[in-house]
Amino acid sequence: MGRFARQHYLVSPFITEQQSSDLRSDLNINAICTDATHFVETVKDHMRQKFCFSYDEAYDDVYAELCSLTDEHLAFTKSYSVAKEPHLIFSTAYQDGLIHCFQRILDRRFTNDFADLHRVRGMIAAYSDKISEYNKERDYWNSSYFVGYQMGLIFFDVMNGVRDPRQEVPEDLKELPYFYHPKVGIMDREEYAELVRPNPEIHKAALKQAMRFAEKYDGSSDLVVQHTPFG
């Protein structure tokens with residue numbers, strides 16, 4: 001096929017100039033004399049710049065955040081009774097969504113499911129539509145969960161932006177909010193303690209749904225409401 005043949009490459013740190021010349025002339029193989037690790041890193045760096053490929057360090061950021069979030073989640077769910085403070089279940093669902101998203105990202109790290117950041121941003125947009133549908137149905141339990149899942153994807157995207165020298169990420173985007181309520185939105189622990197926890201009727205429709213959940217628990221104080229993974 002001559003010049004129409006597909007180009008092939010051989011990467012090796014031990015190739016000589018004569019071997020490189022022979023491979024090119026006899027087999028149409030371009031030899032690259034370099035360490036394979038360096039070669040792969042160079043290719044990945046090119047993909048990051050050209051095709052918005054994710055950074056390995058962003059997965060480490062997700063793991064560190066997951067550890068912190070899990071501790072926060074356990075402390076929060078132990079701090080209230082569903083029967084007595086049912087309006088707090090929406091923050092639990094939000095945290096569940098965050099946790100499940102982070103677990104999914106880490107579990108699928110080596111499949112490259114989240115390597116293409118264009119695809120990740122498409123998923124973020126798709127979850128916006130899903131959240132809107134649940135809110136229209138006044139299903140705040142599921143909408144809270146998917147706000148959390150979407151926020152996990154956003155955090156992953158932001159952490160890649162932090163690693164990208166071409167981007168400047170605002171400081172407030174680097175802090176992941178751990179709490180949420182359908183009326184107020186995402187917030188930190190202090191805002192949640194002030195705005196939501198002492199105000200169960202801040203969103204009456206959401207409270208009504210939460211009270212239906214509480215009825216299923218029959219006043220038990222040792223049970224924790226958790227959202228199933230991925231809806």
**Fill in**
A careful count of residues in region 41-58 that are of a type outside the set (Lys, Arg), in contact (Cβ under 8 Å) with a residue 40 or more places away in the chain and touching a helix residue (DSSP H, G or I) at 6+ places or on another chain (Cβ under 9 Å) gives 7
**Request:** Quick one: which residue in ASP61, ASP96, ASP26 is farther than 18 Å from PRO177 by Cβ and either in contact (Cβ under 8 Å) with a residue 60 or more places away in the chain or not in a loop (DSSP other than H, G, I, E, B) (or both)?
**Result:** ASP26
**Request:** Examine region 176-196 for a residue that is open to solvent by 20 Å² or more (accessible area, probe 1.4 Å), under 14 Å from the mean Cα position of the chain (by Cα) and hydroxyl-bearing (Ser, Thr, Tyr), and state whether such a residue exists.
**Result:** yes
**Message:** Conditions first: (1) in contact with a Leu (Cβ under 7 Å, 6 or more places away or on another chain); (2) open to solvent by 60 Å² or more (accessible area, probe 1.4 Å). ARG119 passes all but one, so which condition is the exception?
**Reply:** (1)
**Message:** So SER220 passes all but one of these: (1) hydroxyl-bearing (Ser, Thr, Tyr); (2) at pLDDT below 95; (3) touching a strand residue (DSSP E or B) at 6+ places or on another chain (Cβ under 7 Å). Which condition number does it fail?
**Reply:** (3)
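Given the criterion within 30 Å of CYS52 (Cα to Cα) and in contact (Cβ under 8 Å) with a residue 12 or more places away in the chain, identify the matching residue among ARG163, ARG138.
On inspection, the qualifying residue turns out to be ARG163.
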**Criterion (open to solvent by less than 30 Å² (accessible area, probe 1.4 Å), among the small types (Gly, Ala, Ser), assigned to a helix (DSSP H, G or I) and in contact (Cβ under 8 Å) with a residue 24 or more places away in the chain) met by exactly one of SER91, SER81** = SER91
**Message:** Regarding region 199-209, can at least one residue be identified that is open to solvent by less than 20 Å² (accessible area, probe 1.4 Å), assigned to a helix (DSSP H, G or I), closer than 30 Å to TYR59 by Cα and not hydrophobic (A, V, I, L, M, F, W, C)?
**Reply:** no
**Request:** Could you tell me whether region 11-33 includes any residue that is among the aromatic types (Phe, Trp, Tyr) and either within 21 Å of the chain's Cα centre (by Cα) or open to solvent by less than 80 Å² (accessible area, probe 1.4 Å) (or both)?
**Result:** no
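Going through region 105-116 one residue at a time, which ones are open to solvent by 20 Å² or more (accessible area, probe 1.4 Å), within 12 Å of the chain's Cα centre (by Cα) and in contact (Cβ under 8 Å) with a residue 12 or more places away in the chain?
LEU106, ARG109
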**Message:** Any residue in region 188-207 that is under 12 Å from GLU85 (Cβ atoms) and in contact (Cβ under 8 Å) with a residue 12 or more places away in the chain sitting within a Cβ distance under 9 Å of a residue that is among the acidic types (Asp, Glu) and open to solvent by 70 Å² or more (accessible area, probe 1.4 Å)? List the pairs, counting only those 6 or more apart or interchain.
**Reply:** LEU207/GLU201
**Message:** Of all residues being hydrophobic (A, V, I, L, M, F, W, C) and modelled with pLDDT of 95 or more in region 142-166, which is surrounded by the most Cβ atoms within 10 Å (Cβ to Cβ)? Just the residue, please.
**Reply:** VAL147
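The values are calculated or read from the model by the stated rules, or taken from the named source; none is laboratory data. Note that this is a predicted model, so its numbers are computed, not measured. Positions of Cβ are generated from backbone atoms using ideal geometry, with glycine treated the same way; all protein chains shown enter the neighbour counts. These accessible areas exclude ligands, DNA and RNA; they are computed on the full protein's heavy atoms, side chains included. Shrake-Rupley method; radii C 1.70, N 1.55, O 1.52, S 1.80 Å.
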